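Undergrad: To start, I am sharing the structure in question, which I have written as structure tokens.
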Amino acid sequence: MKAYFWPSAVLLGMAVVTIVAQDDLKVDCGRDSVTLRWGAAQSQMDTSLLRLGGCYPSSISAGEAMFQVEFSDCNFSRLVTGDTLMYMNELIYMSGPKAQLKSFSHPVVCAYERPADWAPRMFDPVFHTYGEGDLVFHMELMKDDFSGPHLSREYPLGSFIRISAAVEQMVHQPLLLLLEECVATTTPELQSEGPVHPIITNKGCLVASKNSNSKFEPRQKTSEIRLSLQAFKFAVGKEVYIHCNLLAWDPSGLDTSKKACHYVKGHGWALLDDPYHSTLCGCCDSSCEPWRTSGIASGKHGSTQSAVLIGPLVITDNSLA
């Protein structure tokens, strides 16, 4: 059973109206952003499992979760009707299959008075991706907190290899960055022969997460994707290179062939950017064939780039010392 609320706010000039929709919820609709606070009334709720669209909580403390996001993030949609401009999303709770509190979703809406001089643009830099412009892709090994480049290229077996991939979009409208395929090899160039260790396969399935603690990290922005990869038993002591295909795509065009999925213990495959639609990851244990979602017109919706993670890196096994 799903419980629903419909919070709204009207923006008049620079004034912001705060609506308290339930005892558990407080929504502040700003001019270009929203702050949402959820206090768990149910003691069995794990607030870390709350998602706003495709976004993780900005902070969690004492049974509360807070989201501070802009309307350009988290898969917000926009609707203009009459004199009203609305930004819409869903607050989602994703519980495990055996949890006492079942999964649920609530609509979240910020409604504003439509400005008298407002008119649709030729293109919308937030919700459409038909613009043109060069795309520059980057991949880098990062420190544990992703604050800067990792200075060492040695990783003990079982430690985490932090990887950040990003796309510079220049004048292109915002795109969602995805990792289509990633493999580890012992050569800086992919070769038809030689050992290969699969990391991401099947159009965005982090297969390394099924037998380890590897995972995608919560997004900070759509143009970047972060991966915590647990160091694996492959070519231990040798130079290792990680090769990836990167895809920058329309944020509204996720399907079984364009996604970021990782395996969550006790839950199954989860979609990074919208856990409520994790059914897109259902093919990760078989074969992910593309299918067209509604509302996607023909034309250019993104770009793919092959990239090699700058290396080499070396995985060490201290038990062999």
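The values are calculated or read from the model by the stated rules, or taken from the named source; none is laboratory data. These numbers were taken from a predicted model, which means no experiment stands behind them. Here Cβ is always computed from backbone atoms with ideal geometry, including for glycine, and neighbour counts include all displayed protein chains. With ligands, DNA and RNA removed, areas are computed over all heavy atoms of the protein, side chains included. Shrake-Rupley method; radii C 1.70, N 1.55, O 1.52, S 1.80 Å.
For (1) over 17 Å from residue 226 (Cβ atoms); (2) of a type in the set (S, T, N, Q), each residue gets a yes or a no:
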site	(1), (2)
161	no, no
166	no, no
175	no, no
181	yes, no
192	yes, yes
198	yes, no
203	yes, no
206	no, no
213	no, yes
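Undergrad: Yes or no: residue 223 open to solvent by less than 30 Å² (accessible area, probe 1.4 Å) and at pLDDT below 90? Reasoning before the result, please.
TA: Values: open to solvent by less than 30 Å² (accessible area, probe 1.4 Å): yes; at pLDDT below 90: yes.
Considered against the rule, which asks whether it is open to solvent by less than 30 Å² (accessible area, probe 1.4 Å) and at pLDDT below 90, residue 223 comes out as yes.
Undergrad: If you don't mind, there's one more thing I want to ask. Are any residues in segment 25-39 part of a loop (DSSP other than H, G, I, E, B) and open to solvent by less than 30 Å² (accessible area, probe 1.4 Å), and if so, which ones? Working first, answer last.
TA: Just the residues of segment 25-39 that are part of a loop (DSSP other than H, G, I, E, B), to begin with: 30-32.
Once the filter is applied, which keeps residues that are part of a loop (DSSP other than H, G, I, E, B) and open to solvent by less than 30 Å² (accessible area, probe 1.4 Å), segment 25-39 yields only 30.
Undergrad: Here is a check on your reading of the model: is residue 268 of a type outside the set (Ser, Thr, Tyr), out of contact with any strand residue (DSSP E or B) (no Cβ under 7 Å at 6 or more places or on another chain) and at pLDDT 90 or above?
TA: yes
Undergrad: I've got another one for you. At pLDDT below 65, among the aliphatic types (A, V, I, L, M) and either open to solvent by 40 Å² or more (accessible area, probe 1.4 Å) or within 23 Å of the chain's Cα centre (by Cα) (or both): is that true of residue 19 in this structure? First the steps, then the outcome.
TA: On the way: at pLDDT below 65: yes; among the aliphatic types (A, V, I, L, M): yes; either open to solvent by 40 Å² or more (accessible area, probe 1.4 Å) or within 23 Å of the chain's Cα centre (by Cα) (or both): yes.
Yes, satisfied.
Undergrad: Also: From the list 258, 210, 238, 215, exactly one residue is under 20 Å from residue 315 (Cβ atoms), under 15 Å from the mean Cα position of the chain (by Cα) and either open to solvent by 20 Å² or more (accessible area, probe 1.4 Å) or at pLDDT below 90 (or both). Which is it?
TA: When all the criteria are applied, what remains is 215.
Undergrad: For segment 172-184, does any single residue satisfy the condition of being within 20 Å of residue 142 (Cβ to Cβ) and in contact with a helix residue (DSSP H, G or I) (Cβ under 9 Å, 6 or more places away or on another chain)?
TA: yes
Undergrad: Inside segment 276-311, can you point out the residues that are modelled with pLDDT of 65 or more, in contact with a Ser or Thr (Cβ under 9 Å, 6 or more places away or on another chain) and crowded, with 16+ Cβ neighbours inside 10 Å?
TA: Answer for segment 276-311, where residues must be modelled with pLDDT of 65 or more, in contact with a Ser or Thr (Cβ under 9 Å, 6 or more places away or on another chain) and crowded, with 16+ Cβ neighbours inside 10 Å: 276, 280, 281, 283, 284, 288, 302.
Undergrad: Let me ask something additional. For the structure I just gave you, tell me whether residue 208 is part of a loop (DSSP other than H, G, I, E, B) and within 17 Å of residue 182 (Cα to Cα).
TA: Numbers: part of a loop (DSSP other than H, G, I, E, B): no; within 17 Å of residue 182 (Cα to Cα): yes.
Taking the combined requirement at face value, the residue does not satisfy it.
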